[in-house]
1. Can you tell me which residue within the stretch 28-45, out of those that are touching a residue at least 60 places away in the same chain (Cβ under 8 Å) and surrounded by 12 or more Cβ atoms within 10 Å (Cβ to Cβ), is farthest from Lys2 (Cα to Cα)?
2. Would you pick out the residues in the stretch 119-169 that are aliphatic (A, V, I, L, M) and in a strand (DSSP E or B)?
3. On the basis of being basic (Lys, Arg), under 22 Å from Lys2 (Cβ atoms) and either touching a residue at least 12 places away in the same chain (Cβ under 8 Å) or in contact with a Cys (Cβ under 8 Å, 6 or more places away or on another chain) (or both), does Lys133 make the cut?
4. Residues of the stretch 157-182 being polar (S, T, N, Q) and surrounded by 13 or more Cβ atoms within 10 Å (Cβ to Cβ), which ones?
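What follows is calculated from the coordinates using simple rules that are stated; it is not laboratory data. Given the structure is predicted, the values throughout are model-derived calculations rather than measurements. Note that we place each Cβ from the backbone using ideal geometry, even for glycine, and neighbour counts take in every protein chain shown.
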Amino acid sequence: MKIIPTPLSDCFLLQPDIYRDNRGYFLESFNKKRFQSVTGLETEFVQDNLSVSKKGVLRGLHFQKGVHAQAKLVHVLKGRVQDVVVDLRADSPTYKKAHSLILDAQSGVQLFVPRGFAHGFLALTDEVIFSYKCDAYYAPEAEAGIIYDDPELAIEWELPKDELILSEKDLLLPRMSEVLGS
């Protein structure tokens, strides 16, 4: 497994070694010792989540506030997504920066999203099965988010706006400046 830094501080891609043969394939999806030795970060995942989405579904940009903040290890089990992370940590050198990338089931590449980041994804194929491990339990009272089309972030989504499918709740999310108070 290769662990590759992204342009955002403490956010990493995990690229597995995939062993393919006529039966299918095998890969190691996570190795705690290796992750800690390469990144210097300690994490203990306590909750696994799975979402199924059709093409055009945009989920995000979500995060958990305060002591309920979550680090996540995300990957696509079926299909292809545009994944977006935003660094909301005021003491980070990449504060208020966003990063967008494509994740797909074929490559097996995963994204480690540290605590203090907003996260979202856009389903680019007819069916997407998206998995994420979290290092803290979901707390409804700590739920927060940023509107997907915040002009300060200027995220270039892979599908036109009229093809996006968002929940009513996600359509009502505030701008980053409202969330961060700046």
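1. Here is the first cut: in the stretch 28-45, the ones touching a residue at least 60 places away in the same chain (Cβ under 8 Å) are 29-30, 35, 39, 41, 43-45.
With surrounded by 12 or more Cβ atoms within 10 Å (Cβ to Cβ) added as a condition, the list becomes 29-30, 35, 39, 41, 43, 45.
Details: Ser29: 11, Phe30: 11, Phe35: 9, Thr39: 11, Leu41: 15, Thr43: 18, Phe45: 20 Å.
Across the stretch 28-45, the extreme among qualifying residues is Phe45.
2. We begin by selecting, within the stretch 119-169, every residue aliphatic (A, V, I, L, M); these are 122-124, 128-129, 136, 139, 142, 144, 146-147, 153-155, 159, 164-166.
The answer is Leu122, Ala123, Val128, Ile129, Ala144, Ile165.
3. Numbers: basic (Lys, Arg): yes; under 22 Å from Lys2 (Cβ atoms): yes; either touching a residue at least 12 places away in the same chain (Cβ under 8 Å) or in contact with a Cys (Cβ under 8 Å, 6 or more places away or on another chain) (or both): yes.
Yes.
4. We begin by selecting, within the stretch 157-182, every residue polar (S, T, N, Q); these are 167, 177, 182.
Within the stretch 157-182, just Ser177 meets the criteria.
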